Amino acid sequence: MNKGLIYITIDWVIEKLNFLNLVELFKFIALKINDNNKITTIRLAVDIFIILKWVLIISLWFFNVKNEFINILVWYLIFTNVYTYFYHHSWDKDLSETDFDLDRIKRRFLNLLLSIAFNVVSFAYLFAQPFANNFKWKNDYSTLSESLSLSAANSLATSYDSVKSVSDCGNNLLLIQIIISFVFFTIILSNSIPQPKTD
């Protein structure tokens, strides 16, 4: 109890949430298939998961898929996306290792950038597809460029004058994206670049 009640409780919750993260299932399955080289197997599983979630969000947008189940799935991917990078860049016990090789540093940074981009694209999909009627679009319908521009601008907490929110739901979506972007750009990014090994 010398770590304090609040820390112990929050740490327990964060560690347990890791079991609800789909990427951890990919890692588990990959290690069951091949546990000869653990690090390579885990990295491959993570790469496959990243590729699949990108293919999914692009396909949903391309085929104009929108329904309640898909909305829940996209929100799940957004929140596990931010949770994964919070956990592995700010919370995980591996952070106690101060020596990271250069390839690991580059890989972590690349995955972080992909995660931030996925956040922008996922919110753009939400703005353009299931929640399009909560925004006033330039030509009265959402476009790929306008929704991506809105999402990118909002993630940087700047305005995009061509599209305006016209409802509380739209305002809430914009606010949620700003909060998630704040987590990425301040907490995670500041802790995501450990120093390389020195000989």
ask   = Listed residues I78, I58, I105; which is within 30 Å of A132 (Cα to Cα), in contact (Cβ under 8 Å) with a residue 24 or more places away in the chain and crowded, with 16+ Cβ neighbours inside 10 Å?
value = I78
key: Only listed residue being modelled with pLDDT of 85 or more, farther than 24 Å from S151 by Cα, out of contact with any Gly (no Cβ under 7 Å at 6 or more places or on another chain) and in a helix (DSSP H, G or I), chosen from K27, K53   = K27
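Being of a type outside the set (V, I, T) and either in contact (Cβ under 8 Å) with a residue 60 or more places away in the chain or in contact with a Lys or Arg (Cβ under 8 Å, 6 or more places away or on another chain) (or both) is the filter here; which residues of the range 150-164 pass it?
Matches in the range 150-164: S162, K164.
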key: Pairs, first surrounded by fewer than 20 Cβ atoms within 10 Å (Cβ to Cβ) in the range 116-138, second charged (D, E, K, R) and in a strand (DSSP E or B), C-beta under 9 Å, six or more apart   = K136/K164; W137/K164
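The values are calculated or read from the model by the stated rules, or taken from the named source; none is laboratory data. Bear in mind the structure is a predicted one, so any value in this text is a computation, not a measurement. For neighbour counting, all protein chains shown are included, and Cβ atoms are generated from backbone atoms with ideal geometry for every residue, glycine included.
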